[in-house]
Amino acid sequence: MPLPESPQWRQKATDFFSSSSFRLKQAGQSAGDNIADVAGKVGSVVKNRWAVFQEARQRQPPPGETVQERFISAAATTGVLLRKGITETREKVAVGKVKVEEAAKKTADKSKTILNNIERWQKGVASTDVFGVPIEATVQREQSGKAVPLVLVRCADYLVISGLSNEYLFKSEGERKVLQQLVSLYNEDSGAHLPDGANPIDVAALIKCYLASIPESLTTFALYDELRDARVSIADLRNILKKLPNVNYMTLEFVTALLLRVSRKSSLNKMDSRSLAVEFSPLIMWQQGDSGTDLRNHLRLTLKAPPKIVDTTSNTTEWDLLDEDDADASSQIPLDDASPPDYSSIEVIQSLIEHHNAIFTDANETVWR
């Protein structure tokens, strides 16, 4: 069944066509300004040469030079200048035409790409985006041989090599602008490698942002209640998780394997299995129709670029205010009127971390060299 058109792609298309119209108009104006400028110069030349004729007519010629000779000399000079001006005008017209044609071609090419992306979204695969796209569609499109999105693989590999000992890993917030750049990087190329010297805190935050962005929880809505009821039984958890789609199952195994490794360095990073479960339970388990926990909404807001134009006459929502350029992107999640923690979900995720190898017996256990 085709998926509904993505609001994200609809907005991209609207923004692009609006800006493209402006660029074409700007290119035309640029060409027109050039032509007008040259034409003005030619007009000045004609006016100046006429003044020379008038002056020559009134003054007595020097000995040996007749008025006729002076007219002939002035006319010849004027002819050269006029020919030069006309040639320059033609060149400017040609350059202006090329500018408009180039802008039109770029607009047409980009339009074709956007329309193709929208069509692919409607068929279930949305361009190259990975954030905000169903996890199955991402894995299917990547065709990497792994049942785990490559953005998670790249982030986990990076952290295992360089960042598991950072204090409060997965709890500290990353830098908003850096996260937005990384999201753009992976939306363009899901197999991209992280930039050299990336801060492990930002990389860890990117994993959380990805999990917060997918439309359905990793454990699926259908198994939410069953998993909560089975939180104290390893055998029950193991059997229930076998009902998950393969991509969800393998990705859940991969993420909790990483969290297990992080918890084993808790003496350095101060993040034990309980602390990690508190951070990840709202990102891995939530109910259908859940508008979003404070953490999930906060991470989604982190990915949202600030608006370019603020309409002060319209009714501004709290989300719009948080999205302004002067908003403190590094501020902590507000605690007032916060949703109460889902302790049952926390216990489920804690069990998946602590008893990972006993629960995921049917998976190829994730091993980092």
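As a test question: what accessible area, to the nearest 10 Å², does Y158 have when a 1.4 Å probe is rolled over all protein chains in place?
50 Å²
So for the pair E175, T87, with labels modelled 7 Å out along Cα→Cβ, what separation do we get in nm?
With each label point 7 Å from Cα toward Cβ, the separation is 5.4 nm.
Would you mind putting 216-222, 140-146 in packing order, based on average other-beta-carbon counts within 10 Å, highest first?
216-222, 140-146
Given the C-alpha centroids of the stretch 143-175 and the stretch 246-279, what is the distance between them in whole angstrom?
Comparing the Cα centres of the stretch 143-175 and the stretch 246-279, I get a distance of 11 Å.
Extension gain T220-S162, at 0.36 nm per residue separation less the Cα-Cα distance, in nm?
Extra length available between T220 and S162 comes to 17.7 nm.
Measure up K105/K177; K146/K208; K105/K146; K146/K242 against 30 Å on the Cα-Cα distance and list the ones that go over. List each step's numbers first, then the result.
Values: K105/K177 32 Å; K146/K208 20 Å; K105/K146 38 Å; K146/K242 18 Å.
Among K105/K177; K146/K208; K105/K146; K146/K242, the Cα-Cα distance tops 30 Å for K105/K177; K105/K146.
The values are calculated or read from the model by the stated rules, or taken from the named source; none is laboratory data. Note that this is a predicted model, so its numbers are computed, not measured. Because the Cβ atoms are built from the backbone with ideal geometry, glycine has one as well, and the counts that use them run over all protein chains shown. With ligands, DNA and RNA removed, areas are computed over all heavy atoms of the protein, side chains included. Shrake-Rupley method; radii C 1.70, N 1.55, O 1.52, S 1.80 Å.
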